[in-house]
Amino acid sequence: MGILFEKDNFSLFVRGFVGTIELSALSALFALLLGIMLAAFRVSPVPVLRAFGTAWVTVFRNTPLTLLFFVVTFMLPRLDVHISSFTAAVAALSVYTGSFVCEVLRAGINTVPLGQAEAARSLGMGFGQTLGLVVLPQAGRAVIAPLGSVFIALPRNSAVAGAFNVFELFSVQKTWSEDSYPIFASFFWLALAYLAIGFSISSVLSLLERRMAVAR
Amino acid sequence: MNSRSASVLYDVPGPRARLRYRLAGALGALGIAALLWWIVSTLSDKGQFDARLWESFEYNAVQQRILDGALATLKAFGLAAVGSLVLGVLFAVGRLSDHRPVRAVCTAVVQFFRAMPLLIMIFALYAAVFTAEPMWALVVGLSVYNGAVQAEIIRSGINAVPRGQGEAAYALGLRKTQVMTLLLVPQSVRAMLPAIIGQLVVTLKDTSLGYIITYPELLFVGKWIASNSDGYPYIPVLLVITPIYIAMCLALSGLARWIESRGRRGANRRGAAAA
């Protein structure tokens with residue numbers, strides 16, 4: 001267990017930890033934006049946009065994340081698009097996670113009973129008012145828990161980036177394995193790091209859930 | 001959702017709204033067509049549709065390799081699916097146990113494996129135990145991780161059966177094993193199946209992590225073909241293997257939908273009409 005404090009392993013570990021956090025935070029942001037846009041397409045009254053949203057989500061939910069990383073790492077350079085591995089990893093993770101976010105948001109909007117919107121309209125509320133005051137607050141509560149599990153999965157998925165030239169926690173494991181440290185010692189520290197990340201996200205989410213809870 | 005009927009977001013459209021929707025539809029179609037055209041023209045500008053890059057797919061050896069890769073993916077998936085379901089049942093039974101130590105241990109194990117990145121576990125197994133056999137590192141890692149997830153699906157499915165069912169069975173003098181096997185499991189299995197198959201789709205997708213530990217599955221084979229052929233046809237290879245992955249996953253989720261629709265025909269129709 002002492003390997004963390006040998007040589008400069010600690011700074012390596014910290015760099016990996018920060019890499020994972022940066023990658024996950026940025027990807028979470030872009031995944032949320034992409035997910036909102038796709039969800040808007042999927043619930044829009046325009047059939048063409050709905051079909052586009054459905055096709056996009058079907059493709060990216062059924063494509064392995066490793067394959068997406070493979071695409072951004074090996075395919076973009078062949079098209080003379082040269083971006084850093086970190087940007088590429090953020091793109092792959094956001095596109096992958098975005099389609100899951102979209103499905104959660106869409107399911108959340110569908111949980112709001114039709115009668116709520118009908119009541120709002122019959123009170124004379126316009127589209128913006130119905131959406132902002134009636135539908136979204138109710139959908140938001142239904143969405144927090146499933147959205148939480150999507151975003152808890154994100155740091156775990158980000159480990160794949162370590163295999164595609166981004167420095168984060170999986171790279172730390174690879175480096176320690178190449179330096180032939182005992183694998184279970186490095187596994188212990190990485191487990192600790194990921195458990196800490198997962199625990200902090202889930203406690204923020206449960207706080208949010210408690211703040212937004214209403215008596216029904 | 002039909003654009004002629006009201007949804008929770010939009011009222012029934014009048015003539016002007018219908019005109020607006022049609023306009024938006026036309027613009028959207030134009031935008032999507034432009035996007036597709038841009039993708040195809042970029043690919044052809046960079047010479048990605050040149051016959052030279054696609055030649056390697058004409059060789060039987062290459063076709064055989066792709067097939068072998070797909071079979072290797074399916075083999076790892078099959079073993080992991082069985083392993084994860086067996087482990088899932090074991091963990092779920094443990095978490096529902098009447099004995100507190102068993103429950104505590106199973107809860108801890110399930111929570112731990114659900115919180116760990118699969119890649120970290122697979123790599124640790126590969127580096128420490130299965131150095132020569134990456135497939136078993138992949139299969140064991142997938143089974144443990146997905147087993148933990150399946151356990152949660154099974155446990156919550158069993159807990160979702162109305163309490164009165166179990167209570168009535170206990171009142172009739174059935175034992176716990178009988179209550180489980182005769183009442184709770186048969187009633188919950190139908191509701192759980194879509195979620196279980198959904199997780200199997202995740203298992204299938206995650207077999208591609210085998211690429212990282214050099215297990216010769218579909219993606220690894222693709223990389224091999226691309227880096228050993230004339231002109232490094234990465235894009236043609238991706239255009240071939242991505243549809244294979246998507247088709248395999250869609251076939252599995254199609255199975256889930258089919259089972260779901262079969263379940264809906266049954267007598268157990270309580271509550272589904274509310275949606």
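The values are calculated or read from the model by the stated rules, or taken from the named source; none is laboratory data. In this text, all values refer to a predicted model and were calculated from it rather than measured experimentally. A quick note on method: Cβ atoms are made from the backbone with ideal geometry, for glycine too, and the neighbour counts reach across all protein chains shown. Note: areas computed on protein heavy atoms with side chains; ligands, DNA, RNA excluded. Shrake-Rupley method; radii C 1.70, N 1.55, O 1.52, S 1.80 Å.
For this structure, a couple of remarks:
- As a summary of the residue check, A:F167 satisfies the conditions (1) open to solvent by 50 Å² or more (accessible area, probe 1.4 Å); (2) free of Cβ contacts under 8 Å to residues at least 24 places away in the same chain except for the one numbered (2).
- Residue within the range B:63-71 that is in the same structural domain as B:T181 (by TED's automatic domain parsing), open to solvent by less than 30 Å² (accessible area, probe 1.4 Å), assigned to a helix (DSSP H, G or I) and among the small types (G, A, S) present: yes
- Filtering the range A:46-66 for residues that are within 30 Å of A:S171 (Cβ to Cβ), facing chain B (nearest Cβ under 8 Å), in a helix (DSSP H, G or I) and open to solvent by less than 40 Å² (accessible area, probe 1.4 Å) leaves a non-empty set.
- Among (1) more than 9 Å from chain A (Cβ to nearest Cβ); (2) assigned to a helix (DSSP H, G or I); (3) in contact with a helix residue (DSSP H, G or I) (Cβ under 7 Å, 6 or more places away or on another chain); (4) surrounded by 15 or more Cβ atoms within 10 Å (Cβ to Cβ), the one test that B:Y170 misses: (4)
- Hey, B:L255 open to solvent by 60 Å² or more (accessible area, probe 1.4 Å) and either within 11 Å of chain A (Cβ to nearest Cβ) or in a helix (DSSP H, G or I) (or both) or not: yes
- Pick from the range B:202-252, criterion in a helix (DSSP H, G or I), without any contact (Cβ under 8 Å) to a residue 40 or more places away in the chain and open to solvent by 50 Å² or more (accessible area, probe 1.4 Å), ranking: farthest from the other protein chains (Cβ to nearest Cβ): B:N228
- Filter result for the condition that a residue is within 26 Å of A:P45 (Cβ to Cβ) and open to solvent by less than 50 Å² (accessible area, probe 1.4 Å), over A:V104, A:V90: A:V104
- Residue in the range B:82-124 that is nearest to the other protein chains (Cβ to nearest Cβ), counting only those that are part of a loop (DSSP other than H, G, I, E, B) and not hydroxyl-bearing (S, T, Y): B:P117
- The one condition in (1) surrounded by 21 or more Cβ atoms within 10 Å (Cβ to Cβ); (2) under 12 Å from the mean Cα position of the chain (by Cα) that A:T20 fails to fulfil: (2)
- Beta carbons closer than 7 Å, at least 6 apart along the sequence or on distinct chains, pair a first residue in the range B:29-56 that is more than 10 Å from chain A (Cβ to nearest Cβ) and closer than 18 Å to B:L238 by Cα with a second that is outside any helix (DSSP H, G or I) and among the hydroxyl-bearing types (S, T, Y) for B:S56/B:S229.
- With respect to (1) in a helix (DSSP H, G or I); (2) more than 10 Å from every other protein chain (Cβ to nearest Cβ); (3) open to solvent by 80 Å² or more (accessible area, probe 1.4 Å); (4) more than 30 Å from A:L114 (Cβ to Cβ), the lone exception for B:L19 is condition (4).
- Selected residue [farther than 30 Å from A:Y181 by Cβ and assigned to a helix (DSSP H, G or I)] from A:L23, A:L29, A:L12: A:L29
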